[in-house]
Amino acid sequence: MGDGTQHQVEVLTSVSDEDAADLRHLLGLLSTSAVFDRARIESMITHDATELLVVRERGRIVGMTTVVTFPLPTGVRGIVEDVAVHESMRGKGIARLLLERATLLARERGLRTLDLTSRPSREAALRLYESVGFVRRDTNVLRYAPDALG
C-alpha cells in the first residue's frame, strides 16, 4: 500500500448502521437490481455456511466478499460470491486480500473445491483470480431464476 495503511480482512459478525450503509453501497456496485436488506445481511452473517469477509479503511467497510460452504456427496465445496471494492479503493490490493482469505478458509476447512464465476469481459478481475490460484474451467454456468418467470 503506497500510503502505508495495512488492511486486514475480518469476518463480519455484526452490522452497525455505518456498516449497513457501506454494504448497501458495495451491493450497488455489484447489481443495479439487487435490493439491500439489512435483515438478510444479519441473518447471513449468523448462518453457519456463510462468511461475509470485509476490509475496512478508517473503520468503514471498503471491500467485501461472501464465502459459502456446503456438503455434497462428492465432498465439501465452496463458492465465492459478491466480490466488491469501493471505487476509491481499487488498485490497493483489497480484492486480493479478500480472495487470499477465502482460499485460506478453503484450505482450513478441507474444501474439495472453491469456485467463483466472472464475466469473460472482466479480464483484469480474471487475471487477479488466477494470480491467487483460481483456474479457468471449460464450463458453462447456467442459472435458473424462479422470479424471472413471472
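Per the conditions (1) open to solvent by 50 Å² or more (accessible area, probe 1.4 Å); (2) more than 25 Å from residue 17 (Cβ to Cβ); (3) touching a strand residue (DSSP E or B) at 6+ places or on another chain (Cβ under 9 Å); (4) of a type outside the set (Phe, Trp, Tyr), the sole criterion not satisfied by residue 121 is (3).
Would it be correct to say that residue 100 is at pLDDT 95 or above and surrounded by fewer than 17 Cβ atoms within 10 Å (Cβ to Cβ)? Here the answer is yes, as residue 100 does meet what is asked. Does residue 15 qualify as being more than 16 Å from the chain's Cα centre (by Cα) and surrounded by 14 or more Cβ atoms within 10 Å (Cβ to Cβ)? Against the criterion (more than 16 Å from the chain's Cα centre (by Cα) and surrounded by 14 or more Cβ atoms within 10 Å (Cβ to Cβ)), residue 15 qualifies. One residue alone among 107, 137 is open to solvent by 30 Å² or more (accessible area, probe 1.4 Å), in a loop (DSSP other than H, G, I, E, B) and charged (D, E, K, R), and that residue is 137.
Exactly one residue out of 48, 82, 19 is among the acidic types (Asp, Glu) and part of a loop (DSSP other than H, G, I, E, B), and it is 48.
The values are calculated or read from the model by the stated rules, or taken from the named source; none is laboratory data. Since this is a predicted model, take the numbers as computed values, not measurements. Glycine also receives a Cβ, built like all others from the backbone with ideal geometry; neighbour counts cover every protein chain displayed. Note: accessible area is taken over every heavy atom of the protein model, side chains too, but ligands, DNA and RNA are not part of it. Shrake-Rupley method; radii C 1.70, N 1.55, O 1.52, S 1.80 Å.
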